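So the structure is just underneath, and the comments pick up after that.
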Amino acid sequence: MTEDPWRAKLTSEEFKVLRQGGTEPAFTGEYTDTETVGVYHCRACDAPLFSSSTKYHSGCGWPSFADAEKAAVTLIEDRSHGMVRTEVRCANCGSHLGHLFSGEGLAPRDLPDQRYCINSISMRLEPAES
């Protein structure tokens, strides 16, 4: 899909993050402190990305996950802003989601020691049925 259909489908804020690699301001996202049980989907294509079972409070200002759904994301080296990071993109549509950091010691002990630092605006939460 070219960028024009994405512009028509997404809000300008969603487009800036998902298609142009932007970042929402820290501590402003809809899901930063959410503890609702469910599955987080890509806001652009609706592919399942993260389970709430791996979400934790890292204090970084964005939703943090210790792991992603199997084959849901693509990891790309990001050398922007004078640093080396790992960019996280949706494996289905290529939209920018956030970044992955490892070895910080922030994740709960029963989860992998990594932090998928993801923009709330790049996801949609589908709550589990009760």
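Bear in mind that the values in this text are calculations on the coordinates, not laboratory data. Just so you know, these numbers come straight off a predicted model, no measurement behind them. Here Cβ is always computed from backbone atoms with ideal geometry, including for glycine, and neighbour counts include all displayed protein chains.
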Which of Leu49, Leu10 has the fewest other C-beta atoms within 10 Å, and how do the rest follow up to the most? Leu10, Leu49
With θ set to phi - 60° and the Karplus curve 6.51 cos²θ - 1.76 cosθ + 1.60, what are the ³J(HN,Hα) couplings of segment 83-100 in order, to the nearest whole Hz, using x for Gly and Pro? 9, 10, 10, 10, 7, 10, 10, 5, 5, 7, 10, x, 6, 6, 10, x, 9, 10
Would you please give the residues with an amide H less than 5 Å from that of Glu69, counting only those at least 5 places away or on a separate chain, with H modeled from the backbone geometry? Phe50, Ser51
Taking loop as defined by DSSP and a crowding limit of 15 other beta carbons within 10 Å, which GluC sites (Glu not before Pro) in segment 25-113 fit? Glu30, Glu35, Glu104
What dipole magnitude, in Debye to the nearest 20, does the chain give about its Cα centre under +1 on Lys/Arg Cβ and -1 on Asp/Glu Cβ? 280
Taking R0 as 22 Å, what's the FRET efficiency between Glu126 and Gln20 from their Cβ-Cβ distance, rounded to 0.05? 0.30
Sequence-distant residues sharing a close amide H with Leu125 (under 5 Å, placed H): His41
proj_area_mean for the chain (convex hull on C-alpha atoms), units nm², value 8.2
Difference of contour (0.36 nm per residue) and Cα-Cα distance, Ser102 to Ala47: 17.4 nm
Mind listing the long-range amide H neighbours of Asp78? Cut-off is under 5 Å, sequence gap 5 or more, other chains count too, H placed in the peptide plane at 1.01 Å from N. Arg85, Thr86, Glu87
Sticking with the crude label model, points 7 Å out along Cα→Cβ, report the distance from Leu111 to Glu35 in nm, one decimal please. 1.3
Going by Cβ distance under 4.7 Å, what cysteines of the chain have no possible disulfide partner? Cys60, Cys117
